[in-house]
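The values are calculated or read from the model by the stated rules, or taken from the named source; none is laboratory data. Remember, it's a predicted structure, so these values are computed and weren't measured experimentally. Glycine gets a Cβ as well: all are built from the backbone with ideal geometry, and neighbour counts include every protein chain shown. The area values use the complete protein model at the heavy-atom level, side chains included, leaving out ligands, DNA and RNA. Shrake-Rupley method; radii C 1.70, N 1.55, O 1.52, S 1.80 Å.
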Amino acid sequence: MVTMNRNKVVIVGTGQVGSTAAFAIVTHGLCNELVLIDHSAGKALGESHDLDDGSEFQDRHVKVRNGDYGDCKDADIVVITVGRKPPANSTRLDELGFTIGLVGDVVDRVMASGFNGVIVMVSNPVDVMAWYAWKRSGLPRTQVLGTGTALDTSRLKTIIGEETGLDPRNVGGFVMGEHGDSQFTAWSTVSLGGKPFARFLGDNADRFSSVSTHEIEEKTRTRGNEIVAAKGGTNFGIASTVAGIVQTILWDERRIVPVSTLLDGEYGERDVFLGVPTELRANGANEIVELELADDELAKLHHSAELVRSYCEGLL
């Protein structure tokens, strides 16, 4: 369980995603101690010194250091970001064969330390990796989760903000399912300023006649690939997402975030991790908020579950 002082986070993997997530955690002052672990001890040492050197100008001092898997024993959260930059034109699921061995080794080492906190999986394909980490670790379902469609949901809101010229924080709703090609926008949940989005568009047809929900959904789905094509990978958006999830758990904020968590009868699915709205507490993924989805949305969720489950077969 997460300890009462909630003061220690470990990040495994200090590539672009891991190091940027570390920076986000430090700049927000989310914990007392942040430990970085990498297969290259020198890389972890360099990143930890670089992050710690700016403490004079941070709002709150977070002690950053490099460490080893023994540091996981009393950690509240372990964030796993191991992997590689995806090759051009590859999908997140294409990375499965490469990443599975890395994640298996990391989870074994984390658990050998006596760890009993929350694992936050970032490595792609994140739904498959989160399921695998849950199975391999033996931890309760609440204590293993993936970033899921949290970033995709943030992208959706950002794009709606771009299309309407309004602050994306006015947008409610969720992207659900796989963090990948089969994800879908649950339009029945999407609102702007408290008004259902479809009604908002209808009431403002003179201003937003060119706004298409189909195009918004497609832009949301392909945004990550476009960023990879432009700069070779994504790091800032996912780092902010990781920091938000870490804060929500460490500070017991009880926010509802569409993380990847185990479905055990919810939406008629079992033994699969998908991005669904979930109440996060100090114990991790505390409770799935089961929504009344439209029939076509539920069908898309089942399709996502089928796809992710097929990639999990034979991994154990």
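Across the options VAL276, ALA205, VAL78, the greatest Cα extent toward the positive end of the charge dipole of the chain (unit charges at beta carbon of Lys, Arg, Asp, Glu) belongs to VAL78. State the number of lysine pairs found in segment 33-182 whose Cα atoms come within less than 20 Å, restricting to pairs 8 or more positions apart or on distinct chains. Lysine pairs satisfying the spacing and distance rule in segment 33-182 number 4. Sorting TRP187, TRP131 by accessible area puts them as TRP187, TRP131; the probe is 1.4 Å, largest comes first, and only protein heavy atoms count.
Summarising the amide proton neighbourhood of ILE119: residues at separation of 5 or more, or on other chains, whose placed amide H is nearer than 5 Å comprise VAL78, VAL144, LEU145. Across segment 288-300, rounded Karplus estimates of 3J(HN,Hα) from the backbone phi angles (6.51 cos²θ - 1.76 cosθ + 1.60, θ = phi - 60°) give 6, 8, 7, 8, 7, 7, 5, 4, 5, 5, 5, 5, 5 Hz, Gly and Pro being marked x.
What the phi angles of segment 179-191 give under the Karplus curve with 6.51, -1.76 and 1.60, with θ = phi - 60°, is a coupling list of 7, x, 5, 8, 4, 8, 8, 7, 4, 5, 9, 8, 9 Hz, glycine and proline written as x. Solvent-accessible area per residue in the chain equals 43 Å², computed with a 1.4 angstrom probe and all protein chains kept. With only the Cα atoms considered, segment 130-228 has a convex hull volume of 112 Å³ per residue.
Protein heavy-atom surface of the chain, 1.4 angstrom probe: 49% of the accessible area is carbon and sulfur, with nucleic acids and ligands not counted. Each 5 Å bin from zero up to the one holding the largest Cα-Cα distance in segment 191-307 carries the following percent of pairs: 2, 9, 13, 16, 17, 21, 15, 6, 2, 0.
The angle between the Cα long axis of helix 150-164 and the main principal axis of the chain comes to about 40°, on a 0 to 90 degree scale. Secondary-structure-derived ellipticity at 222 nm for the chain, considering helices only, amounts to -13000 deg cm²/dmol, per-run term -39500 (n - 2.57) for DSSP H runs with n ≥ 4. Along each principal axis, taking the top coordinate minus the bottom one, the Cα set of the chain gives 58, 48, 41 Å in descending order.
Build a GNM of the chain with springs between Cα atoms under 10 Å apart, and of THR81, THR213, THR185 the one that fluctuates most is THR213.
Just checking the listed ones, ARG109, ARG65, ARG270: in the Gaussian network model of the chain with Cα springs under 10 Å, the one fluctuating most is ARG270. Among ASN225, ASN286, ASN170, whose mean-square fluctuation peaks in a Gaussian network model of the chain (Cα, cutoff 10 Å)? Maximum fluctuation in the GNM of the chain, among the listed residues, is at ASN170. On alpha carbon coordinates alone, what is the Rg over Rh value for segment 66-162, Rh being the Kirkwood radius? So for segment 66-162, dividing Rg by the Kirkwood Rh gives 1.03. 3J(HN,Hα) couplings calculated from phi for segment 264-271 with the Karplus curve 6.51 cos²θ - 1.76 cosθ + 1.60 (θ = phi - 60°) are, in sequence order, 10, x, 5, 6, x, 10, 9, 6 Hz; Gly and Pro show x.
Ligands, DNA and RNA aside, LYS219 has an accessible area near 90 Å² when probed at 1.4 Å.
A straight line joining the Cα centroids of segment 210-239 and segment 50-64 runs 32 Å. Report, for the chain, the % of DSSP beta bridges that are antiparallel, rounded to 5. Percent antiparallel among DSSP bridges in the chain is about 50.
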